[in-house]
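Student: Before I ask anything, here is the structure I am working with.
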Amino acid sequence: MPDASTFRDSTQILLPACALDGLRDGLEERFTLTIVEAGDRCRIIGSPVEIKGASAYLSRNGVSIA
């Protein structure tokens, strides 16, 4: 049986909330995502295809995706 963390890694991005400063609107316009902020952390949730695109978008705009 596959490990659940493998699926989570392909369907979400975890970042500090400040990493989306000035980028959140662009993300929401280009991709079908759910963005949840909890304290100083931000969780971006979407399909594997949307997460891959969002990750590339964030990387192009200087956000490091670890």
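The values are calculated or read from the model by the stated rules, or taken from the named source; none is laboratory data. Since the structure is predicted, the reported quantities are computational estimates derived from the model, not experimental observations. Virtual Cβ from ideal backbone geometry, glycine too; neighbours counted across all protein chains shown. Ligands, DNA and RNA are stripped out before the accessible areas are found, and what is left, the full protein with its side chains, is counted by its heavy atoms. Shrake-Rupley method; radii C 1.70, N 1.55, O 1.52, S 1.80 Å.
Student: Name the single residue that is least open to solvent (accessible area, probe 1.4 Å) among those in segment 14-34 being part of a loop (DSSP other than H, G, I, E, B) and free of Cβ contacts under 8 Å to residues at least 12 places away in the same chain.
Tutor: GLY22
Student: Enumerate the pairs (first residue in segment 45-66 and touching a residue at least 24 places away in the same chain (Cβ under 8 Å) and under 12 Å from GLY26 (Cβ atoms); second residue anywhere and part of a loop (DSSP other than H, G, I, E, B) and not aliphatic (A, V, I, L, M)) with beta-carbon separation below 9 Å, excluding pairs fewer than 6 apart on the same chain, so at least 6 apart or on different chains.
Tutor: Going by the 9 Å Cβ cut-off, the qualifying pairs are ALA54/PHE31; ALA54/GLY46; TYR57/PHE31; LEU58/SER64; ASN61/GLY22.
Student: Just need a number here: residues in segment 35-54 that are part of a helix (DSSP H, G or I) and either aromatic (Phe, Trp, Tyr) or crowded, with 16+ Cβ neighbours inside 10 Å (or both).
Tutor: So the answer is 4.
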